[in-house]
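Asker: Quick one: the structure is below, and I'll ask about it shortly.
The values are calculated or read from the model by the stated rules, or taken from the named source; none is laboratory data. As the structure is a computational prediction, the values presented were derived from the model and not from experiment. Note: ideal-geometry Cβ built from the backbone for every residue, glycine included; neighbour counts use all protein chains shown.
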Amino acid sequence: MNRDAKFLLRISILILFVIVICGYAYYQARKIIDGPQIKIDSPTNGEVFNTSFIDIKGNAQNITSISLDDRPILIDQNGNFDEKLLLPPGYTIIDMKAEDRFGRNIEKTLEVYYQAPQITATTSSSTTASSSNSQETL
């Protein structure tokens, strides 16, 4: 029996060692397995703005390239980005794309709305009248 117990102990240790090695390999390869990731902190999807100049902030992981509306952007060492964008009046779709070193792509889309201030044209009748009077005297 003593011999069988030693054999079972060795097999158990070997199985435990293989499980630990596989777990560590998965932990180290999770970035490769997960692929590229984009997290946009601001603005939120569907947000309405009163100013046309906005900041797009977020984080990107496991990427080799990233673009905002097909324009390459820069990220820092931690994967953070902060891009400024000028919105036209009305509804806008913002498209972010990223690619990893294995050619896998991810795309995030934001829909925002810029509500431009209303400009009303006011005309003064006294200004028009005074300008016409000055033309008559000449």
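Asker: Based on this model, can you work out whether Ile73 counts as without any contact (Cβ under 8 Å) to a residue 12 or more places away in the chain and over 16 Å from the mean Cα position of the chain (by Cα)?
Answerer: no
Asker: Still on this structure: Taking the stated definitions as given, is Ala116 modelled with pLDDT under 95 and either in a helix (DSSP H, G or I) or under 30 Å from Arg30 (Cα atoms) (or both)?
Answerer: no
Asker: Does segment 84-102 include one or more residues that are aromatic (Phe, Trp, Tyr) and within 13 Å of the chain's Cα centre (by Cα)? Before the answer, list the steps.
Answerer: From segment 84-102, those aromatic (Phe, Trp, Tyr) are 91, 102; that's our starting set.
Still in the list and also within 13 Å of the chain's Cα centre (by Cα): none.
No - not one qualifying residue is present in segment 84-102.
Asker: For segment 20-29, does any single residue satisfy the condition of being outside the structural domain of Gln61 (by TED's automatic domain parsing), modelled with pLDDT of 85 or more and more than 30 Å from Ala60 (Cβ to Cβ)?
Answerer: Checked segment 20-29: at least one residue is outside the structural domain of Gln61 (by TED's automatic domain parsing), modelled with pLDDT of 85 or more and more than 30 Å from Ala60 (Cβ to Cβ).
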